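Undergrad: Attaching a single structure in structure tokens format; questions to follow.
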Amino acid sequence: MPKTRIPAVGSEGWFTEDGEGPALLGTRCTTCGTVFFPKAGFFCRNPDCDGSDFEEVRLSRRGTVWSYTDARYQPPPPFVSASDPYQPFAIAAVQLADENMVVLGQVASGFGLDDLRVGAEVELVVEPLFEDDESVQVIWKWKPTDGGRR
Amino acid sequence: MSGDVFVLGVGMTPWGKWGRNFAEYGVEAAREALSDAGVAWRDIQFVAGGETVRNGYPGYVAGATVAQALGWNGARVSSSYAACASGATALAAARAQILAGFCDVALVVGADTTPKGFLAPTSGERPDDPDWLRFRLLGATNPTYFALYARRRMDLYGATPSDFARVKVKNSRHGAENPRARYRKAVTDEEVLASPVVADPLHLLDICATSDGGAAVVLCSEAYARRTGAQVRVRAVSTVTPQFPNTVIEMPNFATDSAAALAPPTLSFRDSIAAAAYEEAGLGPEDLSLAEVYDLSTALELDWYENIGLCKAGEAERLARDGDTALGGRGVTVNPSGGLACFGEAVPAQALAQVCEVTWQLRGQAGARQVADARVGITANQGLFGHGSSVILSR
Ligand SMILES: [Zn+2]
């Protein structure tokens, strides 16, 4: 039986694969317009705003690399390695222009440090984070748009 | 405010990895601080503890745990948790009690026993805790964030791994002269650059370890200080939070605040931590003799040079290259204790350890690592989830 594909536990409602391609889901305060990711649900965190109504928004699918690094050693639990033995992966902090914010994410599989530079364009993809017995847990990742290998 | 608060005594265990109960380190540090202050434990009226989250319930009520271990004396008590800033938050609590006139003499103490390896979140399935989520969903450890800042310096200012290594070399020379440091061997930049990369561009020797240790400070009122001859004055304790929108990615967050609807503040969070301390003290960077800053990584120490106003953004590498921040250099000496590079981090003790070092320096008791004619010192540090920490002391 094929494994079910589910958002990684803890990231339910944080991103979507429906509609016009994958996107992170945030909220926008209907009072002041501030965008939040992960979603703000109760009170607006703008100190000058007493808003408490939010609409769900899809964040920009493309952004530019603000900075990046990698994880040469396996992080401790609750991290779950996708492979045995552990394979290092890259992490990027990505600036989204419209939202004027930086969002972290792992870098898409098959891409590493050599494919990244500050200022380079990346786009959002959804890929497996790890698999367990029943399911493939998926998460958003950042993928270089120029195919990498600068 | 009714005058200033004074540092009457300081105490600190050596830092290491012994796995003893954290309260033992707390008691050892407290006894030294009491003895240094010439105050009997029975005479302490208020105890402020910095909490640890890795030692079960006694860690959460650290003030009471250490008070009980010293022998209940009926003192009033508080415990504070602010991650790396816990010690400063405890210090702020004790200072406020003294300034409010509720007590004359207080003990502030922080101690920790840390596990091996990366600092990891508390165990269990806790998908509502951002600290749990960043490990599960991103595999983002603390060094991940330090490395993002380091790479940013390389891109913005042309910093190199050698610039980062130079900070470690400096701190290791300082720490070699500090009997309480855990790592007391001077290292070379070749050794730093040859150590394994943990999170590119940072090497193992660019990143601080985690340690066991305890530190304690006895604070007193101005009137009490006059009777005892205490010389070291607490000029400021800054425990500020960030201002929205905070546009620098911070541990353990997934994203920064959005600055789309509200413009970011003029000062970054780390800049604002020291700025608040300077304002409270009525002093500025030009008054400093030394600084103890939180060098979780070598590159982060360079960020702090700018955050505490030693130089403009992008000039920190030059300061380090010219040896300005080294003992005997022409600038403000940074981390004469050896810093986290030589101590490793004992979370709730660390902000107090910084205060201990500045106190010894201002009293001229720092031995071979003494900063000449030290008059004013600042500490700077930042705790997870938006806890600023900066203390200014003067003599
Ligand atoms: Zn709002």
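Undergrad: Among B:Q382, B:G328, B:S258, pick out the residue whose Cα is farthest towards the positive end of the charge dipole of the protein assembly as shown, where Lys and Arg carry +1 and Asp and Glu carry -1 on C-beta, about the Cα centre.
TA: So the residue furthest toward the plus end is B:G328.
Undergrad: Separate question: Which one, B:S238, B:S221, B:S35, has the greatest fluctuation when you compute a Gaussian network model over chain B with C-alpha springs under 10 angstrom?
TA: B:S35
Undergrad: Report the far tail of the P(r) of chain B, meaning the percent of Cα-Cα pairs longer than 25 Å.
TA: Considering chain B, 52 percent of its Cα-Cα pairs are separated by more than 25 Å.
Undergrad: Please figure out what share of the DSSP beta bridges in the protein assembly as shown is antiparallel and state it in percent, rounded to the nearest 5.
TA: Around 75 percent of the beta bridges assigned by DSSP in the protein assembly as shown are antiparallel ones.
Undergrad: Any idea what diffusion coefficient chain A gets from Stokes-Einstein, in µm²/s, Kirkwood Rh on alpha carbon pairs, 10 °C, 1.306 mPa s?
TA: D = 96 µm²/s.
Undergrad: In nm, to one decimal, how far is the B:A69 label point from the B:R226 one, both placed 7 Å along Cα→Cβ?
TA: The modelled label-to-label distance comes out at 3.7 nm.
Undergrad: Counting only other chains, what is the mean number of Cβ atoms within 10 angstrom of the Cβ of each residue in peptide B:150-163?
TA: 2
Undergrad: Report Rg(Cα)/(2.2 N^0.38 Å) for the stretch B:228-369, keeping two decimals.
TA: Relative to the rule-of-thumb radius for its length, the stretch B:228-369 sits at 1.12.
Undergrad: Within the stretch A:59-86, whose backbone N sits under 16 Å from a point 7 Å along Cα→Cβ of A:A97?
TA: A:59-66
Undergrad: Right, something else. Could you pull out which residues in the stretch B:160-177 have an amide N less than 16 Å from a spot 7 Å beyond the Cα of A:L113, following the Cα-Cβ vector?
TA: Taking a point 7 Å out along Cα→Cβ of A:L113, the residues of the stretch B:160-177 whose backbone N falls under 16 Å are B:160-165.
Undergrad: What lysines does B:K170 reach when the alpha-carbon gap must be under 25 Å and sequence neighbours fewer than 8 apart in one chain are set aside?
TA: Result set, ordered by chain and number: B:K17, B:K185, B:K312.
Undergrad: How much length is gained if the chain between B:R318 and B:S35 is pulled fully straight, taking 0.36 nm per residue apart and subtracting their Cα-Cα distance, in nm to one decimal?
TA: Length gained between B:R318 and B:S35: 97.7 nm.
Undergrad: I've got another one for you. Can you pull out the GluC sites (Glu not before Pro) in the stretch B:168-264 whose DSSP state is coil and whose Cβ has at most 12 other Cβ atoms within 10 Å?
TA: Sites meeting the loop and neighbour criteria: none at all.
Undergrad: So which lysines pass the test for A:K141, namely a Cα distance under 26 Å, with those fewer than 8 places away in the same chain ruled out?
TA: A:K3, A:K39
Undergrad: Okay, moving on. Based on the Cβ-Cβ distance from B:N21 to B:F102, what FRET efficiency comes out when R0 is 22 Å, to the nearest 0.05?
TA: Once rounded, the FRET efficiency stands at 0.10.
Undergrad: Over 18 Å apart: what share of the alpha carbon pairs of the stretch B:1-98 falls there, rounded to a whole percent?
TA: Of the Cα pairs, 47 percent sit more than 18 Å apart.
Undergrad: What would the Debye equation give as log₁₀ I(q)/I(0) for the stretch B:138-197 at q = 0.24, 0.27, 0.28, 0.30 Å⁻¹, counting only Cα atoms as equal point scatterers?
TA: Taken in order of the listed q values, log10 I(q)/I(0) reads -1.01, -1.07, -1.09, -1.12.
Undergrad: Assigning unit charges at the beta carbon (Lys, Arg +1; Asp, Glu -1) and nothing else, what dipole magnitude in debye, to the nearest 20, does the protein assembly as shown show about its Cα centre?
TA: Charge dipole, the protein assembly as shown, about its Cα centre: 1560 debye, nearest 20.
Undergrad: Now for a different question. When DSSP beta bridges are limited to those with both residues in chain B, what percentage is antiparallel, rounded to the nearest 5?
TA: 65 percent
Undergrad: Quick one: Debye curve from the alpha-carbon atoms of the stretch A:61-150 only, equal weights, vacuum; give me log10 I(q)/I(0) at q = 0.17, 0.18, 0.24, 0.25 Å⁻¹ to two decimals.
TA: -0.71, -0.78, -1.21, -1.28
Undergrad: Based on the mean of other Cβ atoms within 10 Å per residue, sort peptides A:107-117, B:83-93, B:159-169 so the most packed one is first.
TA: Descending packing order for the listed peptides: B:83-93, B:159-169, A:107-117.
Undergrad: Rounded to two decimals, what is the ratio between the C-alpha radius of gyration of the protein assembly as shown and 2.2 N^0.38 Å?
TA: Rounded to two decimals, the normalised Rg is 0.98.
Undergrad: Now a separate question. To the nearest 20 debye, what is the magnitude of the charge dipole of the stretch A:61-150 about its Cα centre, counting +1 on the Cβ of each Lys and Arg and -1 on the Cβ of each Asp and Glu?
TA: For the stretch A:61-150, the charge dipole is close to 460 debye.
Undergrad: Can you list the residues, at least 5 places off or on another chain, whose amide H is less than 5 Å from the amide H of B:L8, using H built in the peptide plane?
TA: B:V218, B:L219, B:C220
None of the figures in this text is laboratory data; all of them are computed from the coordinates on show. Computed from a predicted model, the values in this text were never measured in an experiment. With ideal geometry, Cβ positions are generated from the backbone for all residues, glycine too; neighbour counts draw on all protein chains shown.
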